[in-house]
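Scroll down for the structure; my scribbles are underneath it.
Where a number appears in this text, it was derived from the coordinates with a stated rule and is not lab data. None of these values were measured; they are calculated from a predicted model. Counting neighbours? That spans all protein chains shown, and the Cβs are built from the backbone with ideal geometry, glycine included.
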C-alpha cells in the first residue's frame, strides 16, 4: 500500500507539472484537512518562495500526521524566476493549446467531417416530426413497367382450350407417368411386406379415373366416401360405380406415391445430416407444378404475397402452429399471386428452418425467394402484410425497380419513433399523419383502429375518401372520411392470395389421410384446377371480350370431370405382349416371401371365422390372396375352396 501511494504520487506530479494547485489523493477518503495534520498552529511552517530549484521536504512527523511520504524523487514545485509565475504562464498554455489543436486538425480532418455529418443527422432526427394531411407531400416518380413477357396467358391465345387441355399444362404427361410408375413400385413394395390386397398395374386410364372420382368427391359431399358406391337410396349414384369399383379406388388411394420408393430409402438414411431432404417425397410434383405456374401465365403490374396453412395432423417436423390462422396446425406455404386475377404464380413450402445465408429474417427472404427478377421484369408493385413489410425490404426492392406497399408494425426497426405532432389518443376517424424519408413514406391513419403503412410508390394524401359509419351527436351515420392513397390501393390489391384461398375452399378435393405427402398431393391438385379455371376465363376474355356468360368454377369442374373420363376411355390399357407370362388364374398355395430370414406368418382366414385366433400360417392362395392352413393335421386350404 505504501509503495502504491508513492508511485501514484509520482505519476500525478509528472503529469500535472503546470498546475500550481496539485491534489495527490487517491480518493476523497484519503484527504485530511490541514488543521488535522498538525498538533497545533505553531507546528505549521509556511514555505517561502525561493529561487532555488528545490524546497524543504516535509518531515517524517508531518508525513505520519497526514502529509506526503519522504522520497528522494519527491519535491514541491518551485519557479526559476518571477516571470514563470502562474499568472504569467496562462497565455503560454493557451498558445500551446491552440498549437496542439491545429496539429490535430491537420491529421484528423476526416474525423471532424464524420463528426459534423453525425451532428447533422442528429439534428435531422431531432427535427423529424409527423405531418398532417394539410401539408403537401412530394409525389414519387412512377416506376416504368417493363415486364419480361406480355402479361396474361402465355399459351396460344388463338387456340380453343378445353378444361382438360388446360389442366394438363400443370399435370403434364411426364408428371403423370412418374406418379403412375412410382405408385406401381410402392404397391409392389407393400405386397412384399405382406399387405393383403389384390393389385393391378396402374395405367393412364386408371389414374385419370381416380382423378375424376377425387374431383367428384369435391363436388358431392357425403358423410363417408364409401357411400358413393352404395346402391340403396339416397346414395344410388350412377358414377363412380359404373367406372371403377370401390375396392380398386381404395387400392390406388392407399398405394398412391409421388417419389421413387428406392430413392426414398436412400434419402431416409441421410436423416439428421445436412444432405437430408424433408420434402423429397413431394418433389416430383412440387417442382413441376411450381415451374408450370410461372411458365403458362405472366402476372400484371400488381402482386400480393401471403402465407397459407394446409391442415394436417401428421407428426412431421415441417408441421407448424399459427394461432392467428383459421387453420392452426398444418403446413405453411408462401404464395405470390396476381392481384387482378388471383392466379397463383409462385409458391414454396416453409420447412421451418430459419437458416439464412444473407443474415435476414424469414419475412425478408420469403419475399425475395418468391420474386425471380430476371423472369418477372421490373416496374411491379408488391403488396404485403405486416409480417413481411420492413424499411429494409422496401429499400432493397426499390433498388431493383420494384415498388412495395404494406402494413407495418410500429416496433419494426427504422420505424419513426418521434412523438412530435403524432396522432392524439382519441383521434377522429379519418385523421392521418405521415413522414417521408427519401423514397420511403410512413403513414398513420385512424379507422376503427390505428393503421400504419409503409410505401415507396405512393403520395401521402391526394384527397381520396372512403365511406365509413361515424357516430356524431349519438347517432350513427355514413360519412365520407379522408383516406391515404397507400391504404386505398392496399385494400384493392392485397386480396390476390385470399381470393385464391376462397376458390380452393369452395370445392376442395382434400381427404383426411395419415400420409403427409398425400395431403400435399390433394392441395397441389386444387391449385392446378383453380389455375386452369382462371386461365380459361382469361383466354375467353381475349378471344371474345363481349362474352358475358362464362364458366363458374363449379361448372368448370363438372366439365373437367367429364373430359377426364372420356380421355381415360380413349387411353385404355393395351393387352400385355405375348412374351409376358399371363397372371396367375388358378388357386395354388404359395409361401409369403420377405427379405428377412424369418418367413412371414399370418392368421388363417378360415380359423379366424371359426373363432380360433391363434393359428398362423405362412401359406396363402395366389389367386384369392387369403392366408390358409395347409399341413398334415389340418387342410383349411381345401375346405375354404370347397365352400367357395
Quiz item: In percent, how large is the relative contact order of the range 589-643, given Cα pairs closer than 8 Å and 6 or more residues apart?
Solution: 31 percent
Quiz item: Put a dot 7 Å past each Cα toward the Cβ at residue 473 and residue 322; how far apart are the dots in nm?
Solution: 4.7 nm
Practice problem: In Å and from the alpha-carbon atoms only, list the Rg and Dmax of the range 589-643. | Solution: 11.0, 35
Self-check item: residue 422-residue 277 pseudo-label distance in nm [points 7 Å out on the Cα-to-Cβ vector]
Solution: 5.1 nm
Practice problem: Order these peptides, 375-385, 513-523, 604-614, by their mean beta-carbon neighbour count within 10 angstrom, highest first. | Solution: 375-385, 513-523, 604-614
Self-check item: Globularity index of the range 396-490, i.e. its alpha-carbon radius of gyration over 2.2 N^0.38 Å
Solution: 1.17
Quiz item: Using the reciprocal of the averaged 1/r over all distinct C-alpha pairs, how large is the Kirkwood radius of the range 189-308 in Å?
Solution: 18.2 Å
Self-check item: Cβ crowding within 10 Å averaged over residues, with 430-436, 207-213, 395-401 ranked highest first
Solution: 207-213, 430-436, 395-401
Quiz item: Taking Rh as the Kirkwood radius computed over C-alpha pairs, what is the Stokes-Einstein D of the range 121-245 at 25 °C in a medium of viscosity 0.890 mPa s, expressed in µm² per second?
Solution: 115 µm²/s
Exercise. Starting with the highest mean, order 332-339, 557-564 by the number of other Cβ atoms within 10 Å, averaged over the residues of each peptide.
Key: 332-339, 557-564
Exercise. Please express the shape of the range 261-352 as an equivalent ellipsoid: the semi-axes are the square roots of 5 times the eigenvalues of the C-alpha gyration tensor, given largest first in whole angstrom.
Key: 28, 19, 9
